[in-house]
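*Asks:* Let me begin by handing over the structure; questions about it come next.
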Amino acid sequence: MTRAALVLLGAASCAAAQAPNLLSILAVELQRNFRILSEKGDPQAYFMAYSVVEQETGRAAASMGALLQSGVQRSRTLDVSVRVGSHKLDNYRRVRGERPQFAQPIAISLDDAPAPIVQRLWWETDRAYRAASERFIRIKTDEQLKAAEDPSDDFSVEEAVRYSEPPGRLKFSLSDWESKVRKISRLFARHAHVTQSQVSVVAERQTKYFVNSEGTRVQHGRGFARITLTAGAVAPVDGMSFSLFETFDAEDVSRLPSDAVIEKAVEKLAADLDRLIQAPVVDPYVGPAILSGRAAGVFFHEIFGHRIEGHRQKDEAEGQTFTKSVGQKILPEFLSVIFDPTVRNAEGADLNGFYRYDDEGVPARRVPVVEDGVLKTFLMSRSPIQGFPKSNGHGRKAPGSEPVGRQSNLFVESKRQMPFSELRTMLIEEVRRQGKPYGLYFDTVTGGFTTTGRRGVQAFTVIPLIVYRVYPDGRPDELVRGVDIVGTPLASFEKILATSDRREVFNGVCGAESGLVPVSAVAPAILVGSIEVQRKPRTQDRPPILPRPVVPEEAP
Amino acid sequence: MKLLLRSLLASILALLLYPAQAKDDVLLRAASEELERAKKLQFPALAAPYYIEYAVDDALSFSLAASLGGIVTLRTNRFRVPRIQVRVGTPALDNTNFVLSDTISGSLPVDDHLLALRHSFWLATDTAYKNAVEVFARKRAAITNFVNPERLDDFSRAAPTVKVLPAGFRKVDESRWVSRIRAVSAVFAAYPKVLTSSVELEIGQSYAYMVNSEGSKLRLPDHLSHIRIRAAGLAGDGSVVRDAALFQAADPESLPGESELRAAAVRVAENVTALAAAEPGADYTGPVLFEATAAAQLLAQLLGRNLAIPRAPVSFPGRPAPVLESELDGRLHSRILPEHITVVDDPTLKEWKGRPLLGHYEVDLEGVVPGPLRVVDRGVLEAYLLTRQPVRGGGPSNGRARLPGAFGAKAALISNLIVTSSQPAPAAEMKKRLLDLAQKRKLDYGLLIRKLDFPSTASLDELRRLSASLAKAGSARAVSAPLLVYRVHPDGREEPVRNLRFKDLSVRVLRDIVAVSGDPQLFDFVNSTAPMALVGGANYVAGSAVVAPSMLFEELQLERPKEQLPKPPLVPPPPLAALK
């Protein structure tokens, strides 16, 4: 007997002794449907998967000492995937740039009550099978198929896996956190120049259940906890508006920093805003710059990370920047970029991109994408690309989306490291060498994967928030505002000259084709030979016309 | 009587727990104080606002859904939704009724924190004023440069109203509701032909606040709770068959108790089972008898949505703003119903034959106090439902602004629509007259309709198919499909048929009513601006009621949909009885 079969038998004997849990309910109903759809279906189903994401979420948000919202909620969301045809060609084949979407997020019973769950599974399986069949029949005859450049299969072959850990419970005291967000948000009210502000906490316990027709059954989970501080202000002179944020992430609320640390962050945000609204507007500039560790992390995620997601290499509509660069040098040779979802903690911080199994039931693993500057591989889901027929555990999605290759924990490793003070010295040397009046230091940036809730900020975009001019004559760094990075600075990456010796962690939530997924980037500060910035386009905004309301008895 | 007493007691107790006299109401105070300051809003060299309105829905919602004994969603939500409106210009011409007109919303703190609340109002008003100024400029440019519909004033006059009623949220016994809804949902497990089912509950407590620059000040209870029992199955040809039982009330204690809900679930299950086995209906042209509920549902759609006259906003090329027209536009003082029928819309009525009327309200969203309105007098259309948005054929508001609307206006809805006849026929005779008419036309049967899909519980797929076929037929609006239809044979036997749709049903058919019964029934429902009052189709809802008798139509057309149906599922449904 093979080991897989032994495991199957073991599971069967245990099942008789206890009530069915969600994983076994899913597995049994999947087999019942798959047996018929694979034997009698026309077209035949060759693969099926059910995935359920269970979330227990507590949240509280406040502004100026007043609660905005709070509550604890549980949800269970089901996704059904059916593939007809074969690994070589199935209903998921992208034709004419069209991205097939069969998933629909379905709420299912929060209790492990078999009847409503299996009835819903069956109804949605039928819907998914019909949608799969319709599309497969339609594309099979499409002329464009024959012209495809990339001859790789539509679905990889992977081994079945079994894993189960008991689901955790959310530990979150709603009343404690309501008090806390009220208390901390009240601090912003002391700062007259801050027009909008908010303090929020979100704590989530997530459990994922995944079964497929190949025999994979996994049940795993983790926690997320995040405190977000946001504050906004408007420059009185020209109405330019600013929004700054700070986040603290951990696996569990008990691992979040103390109130004292958070209150200090509030004061820093308010002070930064105060200086920003009085700072001069940036002039157009091309020249050397340092990006802080956190800013570098965002850069690498947005500018580099999205370009090595596997599905983009097969897609005519994408830039396909690196598709033909495997084995070539795409970064300076002292840099390596590794994606590793198996790492839970780095540089003293819990990492958002930690997981044990991806959303296709493939075990997570360390993936060195760039080694000593040379591109080795891409982030792969079970959708193969030419030269890479297998998944490397990066097939990820939010409920209701189809999985594609997505980032996890991004690590930048450098063999040309130095203390930050030396990096600054190198910057100034470079400024002089290039004959520039000053260099730039990007302290804080935001991107398509940060948490300011900026709708419409795409992936690939990096927005500078706190930027300084660094003068070669020793005068203090000067804050500037209204900075826009010109174009997508992919070229900047080739001009990375050195890095600092300390890495910083940026935890975020990345939004792309398959929805929001938690990610992180761990990077040192980097010195770049050339970055181009310009002034943000003028808007019609003006500061508020009336002064802010004042309530005498409530002066904070 | 008992129910009312119980809820009255509960209200008194609740008020003791949550005192909220007007002067202690921090939200009201924040809105009033900030509104006073906002009157001084002005860009240099530009006009100050001539009207400012702050509205807030202060709400607590408990919602719950279950299927076959499992809880699917469970949620408590406390929220305050503001709607800020600033008007610049004059009542004759302002920044509303333009394709870019909007109302500023967002969220307010739920704590009674005066400074934080005023801060939110301050920022929202600033944005609203700046938007109003810009939109006003663009509207004037559009009027000057492009052809636009006839000029009507933008805002009519109305006297301000001050009405601050007691407020306070009642505690909800969540576990009692959970076990009750769970138990009702489990009823469907015994019906193998029911392939999907759900029972949903929402207990909505809400207070509608409004202050405006004319001196209106309102705080009014606006509670609405509902229970929805829905089920669907598949007929042999792959058609979806479904039924629903919807219950609504202002006071959740007035909702049916568990045994009544179980009985309703059993009826829905039996209807779905019968429909799954029933013959599909054939194309039909002939007499149709609408029993009272179905008649009320028909009038709620044909009269309800056509009594509000929509107004096309000022627009410009590249920004079409199509507005669904009312079939009663331009038909004031013409006969739309038989002469023996009179229809009155009366929000002042609180109950009918001992049952609470869901359409009752005291003041509308614009502060106008409504009175009874005779919309149809002996068959002749005499009045429209009017808000402060002037419309063709209408005058000043008659207090029907019940929901936020589009382009800066409010939407009018029916309240309690009471249909009476001076020539009722005996109820027992209606079926006989149906058969007589059928026989005269040499038809084998007449059609009897007991229930329409209204408010509609159709799925997105069904709606898509419906609107696709409507577009082909060229008609703009559909009346929802009948759910319970029966062929009545000459021997009196009733045979259910399924999956029929109305063809070409418009307000014009109302003139063909040949008889109405003498036993009117009450039908109440959760109303909204969504087509067919689609359940879950709109953010804002309000209660309405129709009191109507059964109605016999001489000739209506029903048709069998000709679209391609999906094939029945390959995999048989799971055997639920085997599961524990």
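*Asks:* Say whether the condition of being without any contact (Cβ under 8 Å) to a residue 60 or more places away in the chain and within 12 Å of another protein chain (Cβ to nearest Cβ) is met by at least one residue in the range B:214-231. Spell out the reasoning first.
*Replies:* From the range B:214-231, those without any contact (Cβ under 8 Å) to a residue 60 or more places away in the chain are B:215, B:221, B:223, B:225, B:227, B:229, B:231; that's our starting set.
Going one step further and asking which of them are within 12 Å of another protein chain (Cβ to nearest Cβ), we end up with B:231.
There is at least one residue in the range B:214-231 that is without any contact (Cβ under 8 Å) to a residue 60 or more places away in the chain and within 12 Å of another protein chain (Cβ to nearest Cβ).
*Asks:* If you don't mind, another one. If you take the residues in the range B:103-116 that are within 30 Å of the chain's Cα centre (by Cα) and of a type in the set (A, V, I, L, M, F, W, C), which one is nearest to the other protein chains (Cβ to nearest Cβ)? Before you say what the answer is, go through the steps one by one.
*Replies:* Step one: filter the range B:103-116 for residues within 30 Å of the chain's Cα centre (by Cα), giving B:103-110.
Now restrict to residues that are of a type in the set (A, V, I, L, M, F, W, C): B:104, B:108, B:110.
On the way: B:Ile104: 14, B:Leu108: 8, B:Val110: 5 Å.
Restricting to residues being within 30 Å of the chain's Cα centre (by Cα) and of a type in the set (A, V, I, L, M, F, W, C), the top hit is B:Val110.
*Asks:* I would also like to ask the following. Scan the range B:308-342 for residues that are among the aliphatic types (A, V, I, L, M), outside any strand (DSSP E or B) and touching a residue at least 40 places away in the same chain (Cβ under 8 Å) and jot them down. If you could, list the steps in order and put the result at the bottom.
*Replies:* Within the range B:308-342, the first condition is being among the aliphatic types (A, V, I, L, M), and the residues that meet it are B:308-309, B:312, B:314, B:321, B:323-324, B:328, B:332, B:336-337, B:341.
Now drop any that are not outside any strand (DSSP E or B), which leaves B:308-309, B:312, B:321, B:323-324, B:328, B:332, B:336-337.
The answer is B:Ala308, B:Ile309, B:Ala312, B:Ala321, B:Leu324, B:Leu328, B:Leu332, B:Ile336, B:Leu337.
*Asks:* Can I ask one more? How about the range A:102-143: which of its residues are farther than 21 Å from A:Pro399 by Cβ, of a type outside the set (A, V, I, L, M, F, W, C), surrounded by fewer than 19 Cβ atoms within 10 Å (Cβ to Cβ) and more than 10 Å from chain B (Cβ to nearest Cβ)?
*Replies:* Listed by number, the residues that qualify are A:Arg138, A:Lys140, A:Thr141, A:Asp142, A:Glu143.
*Asks:* Search the range B:117-141 for residues that are within 12 Å of chain A (Cβ to nearest Cβ) and pair each with any residue that is in a helix (DSSP H, G or I) and among the hydrophobic types (A, V, I, L, M, F, W, C) when their beta-carbon atoms are under 7 Å apart and the residues are at least 6 apart or on different chains.
*Replies:* B:Leu117/B:Val26; B:Leu117/B:Leu27; B:Leu117/B:Ala30; B:Arg118/B:Ala30; B:Phe121/B:Ala30; B:Phe121/B:Ala31; B:Thr125/B:Ala38
*Asks:* What are the pairs with Cβ atoms under 6 angstrom where one residue, in the range B:177-203, is within 12 Å of chain A (Cβ to nearest Cβ) and the other, located anywhere, is among the hydroxyl-bearing types (Ser, Thr, Tyr) and surrounded by fewer than 21 Cβ atoms within 10 Å (Cβ to Cβ)? Sequence gap at least six, or different chains.
*Replies:* Matching pairs, first to second residue: B:Tyr191/B:Thr273.
*Asks:* Residues that are over 34 Å from the mean Cα position of the chain (by Cα) and in contact (Cβ under 8 Å) with a residue 40 or more places away in the chain: does the range A:545-554 have at least one? Break it down into steps so the answer makes sense when it comes.
*Replies:* At the first step, the residues of the range A:545-554 found to be over 34 Å from the mean Cα position of the chain (by Cα) are A:545-554.
Adding the requirement that they be in contact (Cβ under 8 Å) with a residue 40 or more places away in the chain leaves A:548.
Yes, the range A:545-554 contains at least one residue that is over 34 Å from the mean Cα position of the chain (by Cα) and in contact (Cβ under 8 Å) with a residue 40 or more places away in the chain.
*Asks:* Scan the range A:72-92 and tell me whether some residue there is in a loop (DSSP other than H, G, I, E, B) and within 28 Å of the chain's Cα centre (by Cα).
*Replies:* Pass one, the range A:72-92, residues in a loop (DSSP other than H, G, I, E, B): A:86-89, A:91-92.
The next check asks that each one be within 28 Å of the chain's Cα centre (by Cα); those that pass are A:91-92.
Yes, there is a match, as at least one residue in the range A:72-92 is in a loop (DSSP other than H, G, I, E, B) and within 28 Å of the chain's Cα centre (by Cα).
*Asks:* Can you pull out every residue in the range B:536-580 that is within 14 Å of another protein chain (Cβ to nearest Cβ), over 25 Å from the mean Cα position of the chain (by Cα) and not hydrophobic (A, V, I, L, M, F, W, C)? Lay out the reasoning, then the answer.
*Replies:* The first filter runs over the range B:536-580 and keeps only residues within 14 Å of another protein chain (Cβ to nearest Cβ), leaving B:536, B:564-580.
Now drop any that are not over 25 Å from the mean Cα position of the chain (by Cα), which leaves B:564-580.
Answer for the range B:536-580, where residues must be within 14 Å of another protein chain (Cβ to nearest Cβ), over 25 Å from the mean Cα position of the chain (by Cα) and not hydrophobic (A, V, I, L, M, F, W, C): B:Gln564, B:Pro566, B:Lys567, B:Pro568, B:Pro569, B:Pro572, B:Pro573, B:Pro574, B:Pro575, B:Lys580.
*Asks:* Just need a number here: residues in the range B:149-170 that are in contact with a helix residue (DSSP H, G or I) (Cβ under 9 Å, 6 or more places away or on another chain), modelled with pLDDT of 95 or more and within 19 Å of B:Ala321 (Cβ to Cβ).
*Replies:* 0
*Asks:* Scan the range B:35-47 and report the pairs whose first residue is more than 9 Å from chain A (Cβ to nearest Cβ) and whose second residue is in a helix (DSSP H, G or I), with Cβ atoms within less than 9 Å and a gap of 6+ or a chain change.
*Replies:* If the second residue must be in a helix (DSSP H, G or I), the pairs left are B:Leu35/B:Phe121; B:Leu35/B:Thr125; B:Leu46/B:Val133; B:Ala47/B:Val133; B:Ala47/B:Phe136.
*Asks:* To continue, here is another question. Listed residues A:Gln44, A:Gln31, A:Gln55, A:Gln73; which is farther than 25 Å from A:Arg217 by Cβ and either within 13 Å of another protein chain (Cβ to nearest Cβ) or among the β-branched types (Val, Ile, Thr) (or both)? Quick ask: steps written out before the conclusion?
*Replies:* On the way: A:Gln44 fails: farther than 25 Å from A:Arg217 by Cβ; A:Gln31 fails: farther than 25 Å from A:Arg217 by Cβ; A:Gln55 fails: farther than 25 Å from A:Arg217 by Cβ.
Of the residues listed, the single one that is farther than 25 Å from A:Arg217 by Cβ and either within 13 Å of another protein chain (Cβ to nearest Cβ) or among the β-branched types (Val, Ile, Thr) (or both) is A:Gln73.
*Asks:* Strands (runs of 3 or more DSSP E) wholly in the range B:202-307 with at least 1 residues that are within 30 Å of B:Arg29 (Cα to Cα) and of a type outside the set (Ser, Thr, Tyr) - which ones?
*Replies:* On the way: elements: B:217-221, B:224-234, B:240-249, B:284-290.
Where strands (runs of 3 or more DSSP E) fall fully within the range B:202-307 and carry at least 1 residues being within 30 Å of B:Arg29 (Cα to Cα) and of a type outside the set (Ser, Thr, Tyr), they are B:217-221, B:224-234.
*Asks:* If only one of A:Lys208, A:Lys264, A:Lys268 is more than 14 Å from every other protein chain (Cβ to nearest Cβ) and in a strand (DSSP E or B), which one is it?
*Replies:* Numbers: A:Lys264 fails: in a strand (DSSP E or B); A:Lys268 fails: in a strand (DSSP E or B).
Result: A:Lys208 is the single residue among A:Lys208, A:Lys264, A:Lys268 that is more than 14 Å from every other protein chain (Cβ to nearest Cβ) and in a strand (DSSP E or B).
*Asks:* Quickly run through the range A:333-345 and pick out the residues that are within 14 Å of A:Arg255 (Cα to Cα) and either in contact with a strand residue (DSSP E or B) (Cβ under 7 Å, 6 or more places away or on another chain) or surrounded by 20 or more Cβ atoms within 10 Å (Cβ to Cβ) (or both). Please lay out each step first, then the result.
*Replies:* Within the range A:333-345, the subset within 14 Å of A:Arg255 (Cα to Cα) is A:344-345.
Of everything in the range A:333-345, just one residue is within 14 Å of A:Arg255 (Cα to Cα) and either in contact with a strand residue (DSSP E or B) (Cβ under 7 Å, 6 or more places away or on another chain) or surrounded by 20 or more Cβ atoms within 10 Å (Cβ to Cβ) (or both), namely A:Arg344.
*Asks:* Going by the conditions given, is B:Ala142 modelled with pLDDT under 95, among the small types (Gly, Ala, Ser) and either outside any loop (DSSP other than H, G, I, E, B) or surrounded by 19 or more Cβ atoms within 10 Å (Cβ to Cβ) (or both)?
*Replies:* So B:Ala142 fits the description; yes.
*Asks:* Could you grab me the full set of residues in the range A:78-101 that are under 30 Å from B:Thr73 (Cα atoms) and away from every other protein chain (no Cβ under 14 Å)?
*Replies:* Going through the range A:78-101, the residues under 30 Å from B:Thr73 (Cα atoms) turn out to be A:78-83, A:100-101.
Listed by number, the residues that qualify are A:Asp79, A:Ser81, A:Arg83, A:Pro100, A:Gln101.
*Asks:* Additional query: Could you list, in sequence order, the residues of the range A:34-55 that are surrounded by fewer than 21 Cβ atoms within 10 Å (Cβ to Cβ) and under 30 Å from A:Asp176 (Cβ atoms)?
*Replies:* Hits for the range A:34-55 are A:Glu54, A:Gln55.
*Asks:* Would you point out the residue of the range A:508-556, among those that are facing chain B (nearest Cβ under 9 Å) and of a type in the set (Lys, Arg), that is farthest from B:Lys130 (Cα to Cα)?
*Replies:* A:Arg548
The values are calculated or read from the model by the stated rules, or taken from the named source; none is laboratory data. None of these values were measured; they are calculated from a predicted model. Glycine gets a Cβ as well: all are built from the backbone with ideal geometry, and neighbour counts include every protein chain shown.
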